[in-house]
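Have a look at the structure below before the remarks.
The values are calculated or read from the model by the stated rules, or taken from the named source; none is laboratory data. Keep in mind the model is a prediction, meaning the values are calculated, not measured. Because the Cβ atoms are built from the backbone with ideal geometry, glycine has one as well, and the counts that use them run over all protein chains shown.
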Amino acid sequence: MRRTWICALALLLLVALPDVAHACPVCFDSSDENRRAFMVTTAFMTLLPLGMVAGAGLWVRRRVRQIDEEGEGRETHEGG
């Protein structure tokens with residue numbers, strides 16, 4: 001029952017005070033230069049972490065292959 005009241009209150013606040021939900025004044029600025037800077041910054045902040053995760057994944061993949069190749073080389077020398 002308490003959860004229902006909290007959800008109802010949150011919904012009421014969102015409906016009653018929509019201006020509070022704006023992220024920042026730059027998002028709604030009419031200046032083209034500010035809007036472009038906001039979009040470039042948003043793209044940078046989105047793509048940088050994705051690039052870091054992809055780079056780490058590629059590094060781990062390369063390292064695992066390297067270790068596998070070293071292990072196969074040892075088996076060949078030991079068995080032969």
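Of note:
- Qualifying residue in the range 50-66 (condition: part of a helix (DSSP H, G or I) and modelled with pLDDT under 90): no
- Restricting attention to the range 29-49, the residues being out of contact with any helix residue (DSSP H, G or I) (no Cβ under 8 Å at 6 or more places or on another chain), of a type in the set (S, T, N, Q) and either in a helix (DSSP H, G or I) or modelled with pLDDT of 85 or more (or both) number 3.
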